[in-house]
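The values are calculated or read from the model by the stated rules, or taken from the named source; none is laboratory data. These figures come from a predicted structure and were not determined experimentally. Note: ideal-geometry Cβ built from the backbone for every residue, glycine included; neighbour counts use all protein chains shown. To get the accessible areas, we keep the full protein, side chains included, count just its heavy atoms, and leave off ligands, DNA and RNA. Shrake-Rupley method; radii C 1.70, N 1.55, O 1.52, S 1.80 Å.
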Amino acid sequence: LSAFSMLGTAAGLYVIPWCNQSLLLTILMSVIGGSMGILDTGGNVLALYTWGSEAGPHLQALHFSFAAGAFLAPMVAQMDLGSSKSEELAGAEKTNQSVLKSVPTASAASTTPAPNDHRSESFLWSYIFIGTYILLVSIFFFVLFSKSSSAKDKSKASAQKDRLAKYHWPLVGLLFVFFLFYVGAEVTYGSYVYTHAMVFAEMKESEAAALNSVFWGAFAVCRGAAIFGAAFLSPATMIVMSLLCSAASSIALAFFSHFRAALWVGSAVYGASMATIFPSGIAWIEQYTVVEGKTASLFVVGAALGEMCIPVAVGYLQGRYHHVPVVMYTAFVTSVVTALLFPAMYKLANWPQQRDSQEVSDRETQKTLLSNSRLTEDEEEEEHVREWNDADFEVVEMNDELKNSLMDTSHRIPGDSPAVQPHLDNALGDPPVVADGFPGRQNGSIDWEKSE
């Protein structure tokens, strides 16, 4: 899909320089716009499918390429405009000389299309160069597609569908609104800071153009630095830092923009703070739910609506209220809105997880307590049985010792004692042995010598 979208963009760029009808030009620009929207959506989803939770630096690099292109393309266009203007001035001088020499005025009308021809020729090479570059990249995507395993990708995508968050669509809707205000503020400031600098700060055209370059330059440099910062910082941390810097710089721009120093510093900080929010937002939501094609397309649509609607509204209000810096107030309001939306999104994304983890911990605690109580009861019962066994062993040992001691005592007593022997037999628990009618005698006699 990315390859086809870039192929359509290249075809539109090849045809535009030769387009002389407004309807055809509108169709071509619509094709290029749709192809770029598909590429924007597919690029983010492809990065998430390829690197997963580690896609932060890669997303920053992807969007840095946009910042670099947005920074370099106006320079190329300005160079073409400068060359076309010089050729147009040279053609105008020749036309004026020919008009002065010739009497009929129709000859002037016949020579007026010449500057347009020179301008179209100067822009022709720019379109051909950019179109060829995009065509080569589209061919490279086709080669990658031919070598990839679509079945593996589908199985991976189906496995990721089970990881949808409980509040997936409310979270996507909040991020949709978040991107709408963020991208709208970014494009609005980049489009109108030039006019604001000339009207309210009374700058020259060169200074106003330099101020605009400072904004986009800081934007591009910070996105380049974010490629390395994303390897050490989490997406949530980067978003919070960007929102804080955006709020501080927008306050300075809204209330102190009449000071040139505040305007310069505020524009640089505001451009740097706006750089990392969009790729960090996509990387952040990937940690909580699956970002598929439909989800990423909603993000792109939200960004496109903000890019389309907010600058139009600001231009309308600035045209009605000439003495009010609507651009700076818009930057302040959008910074406040985005600063309030992100904590709500963060709370919504983590609330079910915190509740589930709390329930799981409660269940584990109950299981631990039950197992401990059962273990305690078993241990007490085992201890009780052990005590009874020890008592039995002690009784047995006492009987053996008592029996031995009494036997020794009986052997040491001289003579036959009929009073002692029955007590001895009773104490030992054995019946008396009677032989020949005399107790205590065995085999009719007692071996006194042996006992002595």
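Taken together, Ala231, Ala201, Ala225, Ala209 contain a single residue that is assigned to a loop (DSSP other than H, G, I, E, B) and open to solvent by 40 Å² or more (accessible area, probe 1.4 Å), which is Ala231.
For Trp284, the test of being free of Cβ contacts under 8 Å to residues at least 60 places away in the same chain and either open to solvent by 10 Å² or more (accessible area, probe 1.4 Å) or within 20 Å of Glu207 (Cα to Cα) (or both) is failed. Here Ile310 passes the criteria (1) open to solvent by 10 Å² or more (accessible area, probe 1.4 Å); (2) within 20 Å of Ser246 (Cα to Cα); (3) part of a loop (DSSP other than H, G, I, E, B) except the one numbered (3).
Any residue that is modelled with pLDDT under 90 and either in contact with a strand residue (DSSP E or B) (Cβ under 7 Å, 6 or more places away or on another chain) or open to solvent by less than 40 Å² (accessible area, probe 1.4 Å) (or both) - is there at least one of those in the range 235-251?
Residues of the range 235-251 that are modelled with pLDDT under 90, as a first pass: none.
So far as the range 235-251 goes, no, none of its residues is modelled with pLDDT under 90 and either in contact with a strand residue (DSSP E or B) (Cβ under 7 Å, 6 or more places away or on another chain) or open to solvent by less than 40 Å² (accessible area, probe 1.4 Å) (or both).
Within the range 167-190, restricting attention to residues that are small (Gly, Ala, Ser) and surrounded by fewer than 24 Cβ atoms within 10 Å (Cβ to Cβ), which residue is nearest to Leu305 (Cα to Cα)? Among those that are small (Gly, Ala, Ser) and surrounded by fewer than 24 Cβ atoms within 10 Å (Cβ to Cβ), it is Gly173.
Just name the residue that is nearest to Val143 (Cα to Cα) out of those in the range 25-36 that are open to solvent by less than 80 Å² (accessible area, probe 1.4 Å), without any contact (Cβ under 8 Å) to a residue 24 or more places away in the chain and hydrophobic (A, V, I, L, M, F, W, C). Here the residue is Val31. Could you give me the residue pairs with C-beta distances under 7 Å whose first residue belongs to the range 311-332 and is closer than 14 Å to Thr195 by Cβ, whose second residue is open to solvent by 50 Å² or more (accessible area, probe 1.4 Å) wherever it lies, and which are 6+ apart or on separate chains? What qualifies is Pro311/Ser191; Val314/Tyr192; Pro325/Phe200; Val326/Leu317; Val327/Tyr192.
When the residues of the range 131-153 are filtered to those that are more than 10 Å from Ser2 (Cβ to Cβ) and among the polar types (S, T, N, Q), which remaining residue is modelled with the lowest pLDDT? Applying the filter and picking the extreme gives Ser150. Put simply, of Val324, Val290 the only residue that is in contact with a helix residue (DSSP H, G or I) (Cβ under 6 Å, 6 or more places away or on another chain) and outside any helix (DSSP H, G or I) is Val290. Is at least one residue of the range 313-328 more than 23 Å from Ser213 (Cβ to Cβ), surrounded by 18 or more Cβ atoms within 10 Å (Cβ to Cβ) and out of contact with any Leu (no Cβ under 6 Å at 6 or more places or on another chain)? Taking every residue of the range 313-328 in turn, none turns out to be more than 23 Å from Ser213 (Cβ to Cβ), surrounded by 18 or more Cβ atoms within 10 Å (Cβ to Cβ) and out of contact with any Leu (no Cβ under 6 Å at 6 or more places or on another chain). Hey, among the residues in the range 8-24 that are of a type in the set (A, V, I, L, M) and open to solvent by 70 Å² or more (accessible area, probe 1.4 Å), which one's nearest to Leu136 (Cα to Cα)? Restricting to residues being of a type in the set (A, V, I, L, M) and open to solvent by 70 Å² or more (accessible area, probe 1.4 Å), the top hit is Leu24.
More than 17 Å from Thr188 (Cβ to Cβ) and either at pLDDT 90 or above or not β-branched (Val, Ile, Thr) (or both): is that true of Met274 in this structure? Give the steps one after another, and end with the answer.
Numbers: more than 17 Å from Thr188 (Cβ to Cβ): no; either at pLDDT 90 or above or not β-branched (Val, Ile, Thr) (or both): yes.
Criteria not met by Met274.
Residue by residue through the range 255-275, note down the ones that are open to solvent by less than 10 Å² (accessible area, probe 1.4 Å) and either farther than 18 Å from Met203 by Cβ or without any contact (Cβ under 8 Å) to a residue 12 or more places away in the chain (or both).
Across the range 255-275, the qualifying residues are Ser273, Met274, Ala275.
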